[in-house]
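Working notes, structure below.
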Amino acid sequence: MTNLRAQTMTRPTNPLASREPEDWRLDAKCRDWDHELQGDPWHPDSDLPGAYDDARKICAGCPVLAACLRAAVDAESSSYGALRFGMYGGTTPAERSAALRKEQRERAARRAAA
Ligand code: SF4
């Protein structure tokens, strides 16, 4: 899966960064997060309730939340059985799985109705 957060670490002064088609990453709220000092709330050690609370709060105020979520869902659904890790676009892996299944059900229902 595409490591969105690693890509968001691209410095804006990097000349390649401005040529990237997905410039939304430059506005990511997690972009300048110091993982060494502050840990990684997007990849908690457990899936227990509340484990993603800190990351969810940060994502909630992110101006590129929708683009991040779309990129994660696209990356994860591009290969069958892809593993999902971490919070992207304010969603946990389980939430993205549920959203993908819902999308697939709705698509199938539309095909059946056509
Ligand atoms: S929505 Fe969250 S994970 Fe995605 S770019 Fe924004 S802060 Fe980072």
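The values are calculated or read from the model by the stated rules, or taken from the named source; none is laboratory data. The structure displayed is predicted, hence computed values, not measured ones. Here the Cβ is made from the backbone with ideal geometry for all residues, glycine too, and neighbour counts use every protein chain on show.
Given the criteria among the charged types (D, E, K, R) and over 20 Å from P41 (Cβ atoms), does R105 qualify?
Details: among the charged types (D, E, K, R): yes; over 20 Å from P41 (Cβ atoms): yes.
Considered against the rule, which asks whether it is among the charged types (D, E, K, R) and over 20 Å from P41 (Cβ atoms), R105 comes out as yes.
Identify, please: which residue in the range 1-25 is at pLDDT 55 or above and either more than 17 Å from G90 (Cα to Cα) or among the basic types (K, R) (or both) and is, among those, farthest from the ligand (Cβ to nearest atom)?
P21
Please work out if D32 is loosely packed, with under 13 Cβ neighbours inside 10 Å, within 13 Å of the ligand (Cβ to nearest atom), at pLDDT 60 or above and in a loop (DSSP other than H, G, I, E, B). Steps first, please.
Working: loosely packed, with under 13 Cβ neighbours inside 10 Å: yes; within 13 Å of the ligand (Cβ to nearest atom): yes; at pLDDT 60 or above: yes; in a loop (DSSP other than H, G, I, E, B): yes.
Here the answer is yes, as D32 does meet what is asked.
Look through L65, L83 and report the one residue that is touching a Cys at 6+ places or on another chain (Cβ under 7 Å) and of a type in the set (A, V, I, L, M, F, W, C). Lay out the reasoning, then the answer.
Details: L83 fails: touching a Cys at 6+ places or on another chain (Cβ under 7 Å).
Of the residues listed, the single one that is touching a Cys at 6+ places or on another chain (Cβ under 7 Å) and of a type in the set (A, V, I, L, M, F, W, C) is L65.
Scan the range 54-83 for residues that are more than 13 Å from the ligand (Cβ to nearest atom), more than 18 Å from W24 (Cβ to Cβ) and of a type outside the set (A, V, I, L, M, F, W, C) and jot them down. Write out each step before concluding.
The first filter runs over the range 54-83 and keeps only residues more than 13 Å from the ligand (Cβ to nearest atom), leaving 74, 76-83.
If we keep only those that are more than 18 Å from W24 (Cβ to Cβ) as well, we get 77-83.
Within the range 54-83, S77, S78, S79, Y80, G81 qualify.
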